[in-house]
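Participant: One structure follows; several queries about it will come next.
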Protein chains: 2
Amino acid sequence: MPKTKEISRRQFVNSAISVAAASTFVTPQVLSGFAGSAGTPDTLQSQTSPARAADPRWKDQAIENLTKSPNAKLRNVPVHAVTIGSGFWGQRRETNVTNSIPSMHDLLEANGRMNNFRRLIDKSKGAQRGPVYSDSDVYKWTEAAGFALQSGDRPQIRSMAEKFIEDIVAAQEPSGYLNTYYVDDHASQRMLPQTQTTGHELYSMGHMLQGAIAYYRATGDRKMLDAGIRFVNDFLLPNYGSAPKKPIVSGHPEIEMALIELYRITGDKRQLDLAGYILQGDERIPLPAYRTIYMFSGTPFTSRTKLEGHAVRAMYACCGATDYYMETGDASYWKTLNILWNDMTSTKMYVTGGVGSRSDGEAFGDAYELPNYQAYGESCAAIGNMMWSWRMLAATGDAKFTDVIERALYNGINSGMSLDGRLYCYRNPLAFDPSFGETIRNPWYDTTCCPPNLERTLASLPGYFYSTSSDGVYLHLYDNSQLDWHLENGTALKVTQKTNYPWDGNVEINVAPAEPTDFTFYLRIPGWADRARVAVNGKALAVVKPGEYLPIRRRWSPGDTIHLSIEMPVQVIEANPRVVDDMGRVAVQRGPLVYCLEQLDQPDGVSITDVAVDLGQKPDAQFHHEFKSDLLAGVVVLHGAGFAYERQASRNSLYSRYSGAPVKTRQVPLTFIPYYAWANRAATPMQVWTPLLKT
Amino acid sequence: MPKTKEISRRQFVNSAISVAAASTFVTPQVLSGFAGSAGTPDTLQSQTSPARAADPRWKDQAIENLTKSPNAKLRNVPVHAVTIGSGFWGQRRETNVTNSIPSMHDLLEANGRMNNFRRLIDKSKGAQRGPVYSDSDVYKWTEAAGFALQSGDRPQIRSMAEKFIEDIVAAQEPSGYLNTYYVDDHASQRMLPQTQTTGHELYSMGHMLQGAIAYYRATGDRKMLDAGIRFVNDFLLPNYGSAPKKPIVSGHPEIEMALIELYRITGDKRQLDLAGYILQGDERIPLPAYRTIYMFSGTPFTSRTKLEGHAVRAMYACCGATDYYMETGDASYWKTLNILWNDMTSTKMYVTGGVGSRSDGEAFGDAYELPNYQAYGESCAAIGNMMWSWRMLAATGDAKFTDVIERALYNGINSGMSLDGRLYCYRNPLAFDPSFGETIRNPWYDTTCCPPNLERTLASLPGYFYSTSSDGVYLHLYDNSQLDWHLENGTALKVTQKTNYPWDGNVEINVAPAEPTDFTFYLRIPGWADRARVAVNGKALAVVKPGEYLPIRRRWSPGDTIHLSIEMPVQVIEANPRVVDDMGRVAVQRGPLVYCLEQLDQPDGVSITDVAVDLGQKPDAQFHHEFKSDLLAGVVVLHGAGFAYERQASRNSLYSRYSGAPVKTRQVPLTFIPYYAWANRAATPMQVWTPLLKT
């Protein structure tokens, strides 16, 4: 990182934060982390042959390297700094590295996606296969592999990734251009305005950069990273941007956040500036309104007032814009980002954290347009929601963003991968009837964006557990885990969580600074936690508010323990009455988990489309829960009281005269399972929102 | 029509029907109709220069010429045989010929659609404009013009059509091929399997044939008809069909019914056989399943078990298949047609008669997937529903088909054209909020299929009022009108209706055969008519059943009068509870008209999204109606009792804990207008289905 760039970046840094930010660079603990333990990134580093001199800080860079971002309130901790033990996410993550990432590698191979690179070197290797954006899926797999390796060596995955990277880099042209579709007959279309709009060149290279960065941060190996830098510095920056350079447009946003993360490594401000240029649109590429709506780009980001268009595009654009804000402090971005985030969470987000309700255009619907059977809720869009909310959290430290992250992660994202890690949902509906002919979980999609996206999310998950701030540490997510990192003042800090979360709400948190230190431990209290108690070393704290970070400011010493105890009753949720699809219906949630009914769990002869939930007088007391270790890899099921409507002959007609006559009902027990675990047994109807019996 | 063909067709005719059918050909009254009155087709005939010897029967051919269709129970009467007087449809039809058809002509010109033909003769005339199927819109306009002229001369429309036809015919190639897109660089793609699948060549030529036939039946002018015959007989029949001919597939069904109607003119059985071949799919054009679902073709029609895929394609395929059944009597077709029609009407049709609920793919949704805001309900699909149900009615005489025709016509079709006849809906939602940014009525769409389709429907409407059968006459639709036709035995018959329908349910029907004659007058009693009384010459009939044709069998004499009196209370409709979008809601209907709430008719400060209908103890008695002559060109509005929910702070959140606390309400009056008239004043929210206040 050239010193001159370092200085130019510092100009953005306000005094208070710059002290903290700068201190992270001079403190020796920054370089500790996992260093020295078996199978850690250090081990890997010795096996790499970096093309450039290795930056000694590579392995302490987190999902986002916010160490010097002037408008980030929180800073990520590296993925390797958090070890997730056995428990809810440990199980999913082990499946991810054992089954998902290796099997997706094999499917990418089998479907010719890697051969697309190899054929550019060896013309005997057959034709291009897959859609125009197929490169991106390989890159996203590489990013998943990179994050997986950040948690320790996995020789099989490392070997697969090394071979992929070798072929990727070999396919790059001397100009820096890299794309396996725009070759041969298609080469003349490269970077034409029309191609930029629909051809996904920049989208693919954005994923290439993210894959390269994750792999670099795992191994120190710069081979792919340097190829990415060549694309940016040799091909993109000299040729595209404001006049007299050629125009540039982000047909599918992604390059923006990738360029900014690259800037956070290189310090080359041109990369940040290009991201900003792209975010504002290029007037020289005239686009019809429907196209700029669909792409969520091509017009000034700061002119947007609502979420619309292709949901994944919109989420990635918002990620890039938040990153841009964190680096520049541009107030117009911050205003727009908050307007958009509020629009999403108050009118356009499923109770599962899924977004993009409309199949047509894979798009955000209108306000309150949240159909259940037809819910699109693409896995990638829920992931995009989490990624964006994570950035908004970094900018603010506001727990409302963490509530959305948790909601999306446990439900609308987690549903996207089967329990065995080999099948994926592209869309994540909130009601389903297999008799309509759709198979919801599949091993492969010709557009296979979601599977590697789910894999990179699980692989990077440790990086979402904690953040640091200038005055302490933030705990965001609960699971058996150990943080081994340091405060921003350099003091080493270990935090150990013991919990059965999300099956119950008790978390024992051991806080162990290297020496007694004054700092604030920001303990997240979830928004759903009506009744939470917190004790430090056995002494209860007086005020615990849901939906906030509880600031525990004290001198922490090794051996200090926080006991968090959240009551976890079943909660009955209703939607805003403007959501016509949920009118008269309720959803059931316990802790962070949204539940659903699957037909196969209900009594014989009771169709889930003919039942209502009976809440009696005490809504939350009508349910009891039961942990079933042998069901769906171990889940808490909920048992509730319900009524089944007796079918009437008239119900066979589509429309009939309203009679007002009461419909006969009978009591039936209802069994709910966590939504994320649906469709893991047999093809069976499912629904999240069930009618409420009015008493 | 060569005699040999005549004989070969007769082989299908069973003895009973053949007598009646043959008799229509020898009876002088067949040629009477409007003959002699000013501006009638006879007048037109003298101005045409038919390329072939004129068939003297051209002007007595109806929408469908079923005179010799062996499996048609009912036979159409010609459009010219019914004169619609002043009243509900008279007003709409006058607007159609005064505003709609001429202004659409000008828009087709202004958008280069006719120039697409002219440029093939004069290369200086610029580039092709519009989507690949743009020819079809010109042809559909020509069909609208042809039907309009069947009701009497309109010199402006005739002149426009003549010029169009001249250019169309001039553009035809010597081979018979005619398409303005697959020329120049695209010529090499003609009729390739891929082009047949997506290029709309046969779809466009199907509309060309329909336009040619309607214009021929209006004027006797065969110029365009003969061009269509050249396409079929010179280009299509010798080259496409079963091996060794080239394969053929109907990428967008339409050609099937057009070929069969052509066969009904020419008697050339090869045309019928080709339609049958296309309906069964051609195995030599392998297509993925999603494509044959979307197209509703490419696989055997008789293997289908449900409606799915592109709704207009499906409706047109079903029209063709019903026509094929009426000519061949193939029982497998009849079985499939009934399965499909029942599937549509019991699970996939809006209360407005609209079909195709899904925007994505303009498609049928799953069973009970009937969203209101997102309803697609393309105008063309509702028209397709009417056209198909009309054919099913012809095959059976069953009034259940007429109920669907009436529902679609008065509501989901009629809504498609603005009251001034210059704006059109492409989709016809059942709830709408203009703040989402959509303009629902527009003068022009780049895919302008719906506007001329609406125009041809209104222009052909007289042809839907009556049918004949071997034993009498069927009255299907009520409006001030005069039938001037004859029974199938040749006896001249005039039937005059006087009514204020649909604003009230009294219809005075004067039945005047040329001489006292025994026959059955089949009087339709609508399915919604709970209480209908019928009297003949003042004497009440004992049994009048809703949803049936009341057969009044007697010796009818000039001066006989039927009084039909249907009570028309407001009816409250509920949907099958499987329709989640209508759960807890009701729709309001009076007579054939479905009503809706428009925001601008409600009290200040009362949002239609926050109201409920209060039905009290007597559902249908809670409303009163009022005719407002100055509103929306004269409509009956309905006044009902409702409640408005007071907004709560918590309603601003998307999800909240279910509290069970009652929501405060206050009584408000609600004002409903006919659905077809919505969006004719200002951009304002609208909904058909309103929550029901449970008492």
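The values are calculated or read from the model by the stated rules, or taken from the named source; none is laboratory data. Predicted, not measured: the structure shown is a model, and the values here were computed from it. In this analysis, Cβ positions are derived from the backbone assuming ideal geometry, glycine residues included, and neighbour counts consider all displayed protein chains. Remember, those area values only see protein heavy atoms, side chains included, never the ligands or the DNA or RNA. Shrake-Rupley method; radii C 1.70, N 1.55, O 1.52, S 1.80 Å.
Participant: Quick one: which helices (runs of 4 or more DSSP H) lie wholly within the stretch A:82-171 and hold at least 1 residues that are of a type in the set (Gly, Ala, Ser)?
Facilitator: A:88-95, A:101-110, A:134-150, A:155-171
Participant: Do we have any residue at all in the stretch B:341-355 that's part of a strand (DSSP E or B) and either open to solvent by less than 10 Å² (accessible area, probe 1.4 Å) or at negative phi (or both)?
Facilitator: Taking every residue of the stretch B:341-355 in turn, at least one turns out to be part of a strand (DSSP E or B) and either open to solvent by less than 10 Å² (accessible area, probe 1.4 Å) or at negative phi (or both).
Participant: Take the residues in the stretch A:103-128 that are open to solvent by less than 10 Å² (accessible area, probe 1.4 Å) and in contact (Cβ under 8 Å) with a residue 24 or more places away in the chain; name whichever of them is farthest from A:TYR181 (Cα to Cα).
Facilitator: The qualifying residue farthest from A:TYR181 (Cα to Cα) is A:MET104.
Participant: Name the residue that is surrounded by the most Cβ atoms within 10 Å (Cβ to Cβ), counting only residues in the stretch B:252-273 that are farther than 25 Å from B:ASP221 by Cβ and over 21 Å from the mean Cα position of the chain (by Cα).
Facilitator: B:ASP273
Participant: Identify, by number, the condition in (1) within 14 Å of another protein chain (Cβ to nearest Cβ); (2) among the charged types (D, E, K, R); (3) over 28 Å from the mean Cα position of the chain (by Cα) that A:ARG553 doesn't meet.
Facilitator: For A:ARG553, the exception is condition (1).
Participant: Of everything in the stretch A:559-584, what is outside any loop (DSSP other than H, G, I, E, B) and more than 8 Å from chain B (Cβ to nearest Cβ)? Give them in sequence order.
Facilitator: Of everything in the stretch A:559-584, those that are outside any loop (DSSP other than H, G, I, E, B) and more than 8 Å from chain B (Cβ to nearest Cβ) turn out to be A:ASP560, A:THR561, A:ILE562, A:HIS563, A:LEU564, A:SER565, A:ILE566, A:VAL570, A:ASP582.
Participant: Which one is nearest to the other protein chains (Cβ to nearest Cβ) among residues in the stretch A:649-695 that are in contact with a helix residue (DSSP H, G or I) (Cβ under 6 Å, 6 or more places away or on another chain), modelled with pLDDT of 95 or more and part of a strand (DSSP E or B)?
Facilitator: Only one residue tops the list, namely A:GLN687.
Participant: Among the residues of the stretch B:585-609, which ones are open to solvent by 20 Å² or more (accessible area, probe 1.4 Å), at positive phi and either within 14 Å of chain A (Cβ to nearest Cβ) or in contact (Cβ under 8 Å) with a residue 40 or more places away in the chain (or both)?
Facilitator: Those that are open to solvent by 20 Å² or more (accessible area, probe 1.4 Å), at positive phi and either within 14 Å of chain A (Cβ to nearest Cβ) or in contact (Cβ under 8 Å) with a residue 40 or more places away in the chain (or both): none in the stretch B:585-609.
Participant: Can you tell me which residue among B:TRP388, B:TRP444 is away from chain A (no Cβ under 11 Å) and open to solvent by 10 Å² or more (accessible area, probe 1.4 Å)?
Facilitator: Result: B:TRP444 is the single residue among B:TRP388, B:TRP444 that is away from chain A (no Cβ under 11 Å) and open to solvent by 10 Å² or more (accessible area, probe 1.4 Å).
Participant: Among the numbered conditions (1) surrounded by 18 or more Cβ atoms within 10 Å (Cβ to Cβ); (2) farther than 30 Å from A:VAL668 by Cα, tell me where A:ALA542 comes up short.
Facilitator: (1)
Participant: Of all residues in the stretch A:426-472, how many are part of a helix (DSSP H, G or I) and hydroxyl-bearing (Ser, Thr, Tyr)?
Facilitator: Going through the stretch A:426-472 one residue at a time, the tally reaches 4.
Participant: Right, another one. Please go through the stretch B:173-194 and pick out each residue that is open to solvent by 20 Å² or more (accessible area, probe 1.4 Å) and of a type outside the set (Ser, Thr, Tyr).
Facilitator: Passing the criteria: B:GLU173, B:PRO174, B:ASP184, B:ASP185, B:HIS186, B:ALA187, B:GLN189, B:ARG190, B:LEU192, B:PRO193, B:GLN194.
Participant: Condition test on A:ALA311, is it within 21 Å of A:TRP390 (Cβ to Cβ) and modelled with pLDDT of 95 or more?
Facilitator: So A:ALA311 fits the description; yes.
Participant: Which residue pairs have Cβ atoms under 7 Å apart, sit 6 or more places apart or on different chains, and have a first residue in the stretch A:669-684 that is open to solvent by 10 Å² or more (accessible area, probe 1.4 Å) and a second that is in a loop (DSSP other than H, G, I, E, B)?
Facilitator: Here the result reads A:PRO669/A:PRO603; A:THR671/A:GLN602; A:ALA679/A:ILE440; A:ASN680/A:SER418; A:ASN680/A:LEU419; A:ASN680/A:LEU632, each pair linking the stretch A:669-684 to a residue that is in a loop (DSSP other than H, G, I, E, B).
Participant: Checking A:LEU307 against (1) part of a helix (DSSP H, G or I); (2) hydrophobic (A, V, I, L, M, F, W, C); (3) open to solvent by less than 10 Å² (accessible area, probe 1.4 Å), only one condition comes out false. Which one?
Facilitator: (1)
Participant: Now, a different point. Exactly one condition in (1) open to solvent by 10 Å² or more (accessible area, probe 1.4 Å); (2) in contact with a Gly (Cβ under 8 Å, 6 or more places away or on another chain); (3) over 30 Å from A:SER629 (Cβ atoms) is false for A:ALA399; which is it?
Facilitator: (1)
Participant: Sticking with this structure for a sec: Name the residue that is nearest to A:GLY199 (Cα to Cα), counting only residues in the stretch A:458-494 that are open to solvent by less than 10 Å² (accessible area, probe 1.4 Å) and β-branched (Val, Ile, Thr).
Facilitator: Step by step, filter the stretch A:458-494, then rank; the result is A:THR468.
Participant: Which of the residues that make up the stretch B:358-381 are hydrophobic (A, V, I, L, M, F, W, C) and part of a strand (DSSP E or B)?
Facilitator: B:ALA363, B:PHE364
Participant: So if I check each of A:ALA363, A:ALA331, A:ALA367, which one is open to solvent by 20 Å² or more (accessible area, probe 1.4 Å), aliphatic (A, V, I, L, M) and within 11 Å of chain B (Cβ to nearest Cβ)?
Facilitator: Only one candidate passes the filter, namely A:ALA367.
Participant: Sort out which residues of the stretch A:495-508 are in contact with a Phe, Trp or Tyr (Cβ under 8 Å, 6 or more places away or on another chain) and either in contact (Cβ under 8 Å) with a residue 24 or more places away in the chain or surrounded by fewer than 23 Cβ atoms within 10 Å (Cβ to Cβ) (or both), and write them in order of number.
Facilitator: Within the stretch A:495-508, A:VAL495, A:THR499, A:TYR501, A:PRO502, A:TRP503, A:VAL507 meet the criteria.
Participant: Determine if the stretch B:537-550 includes at least one residue that is modelled with pLDDT under 95, outside any strand (DSSP E or B), closer than 26 Å to B:TYR595 by Cβ and among the hydrophobic types (A, V, I, L, M, F, W, C).
Facilitator: yes
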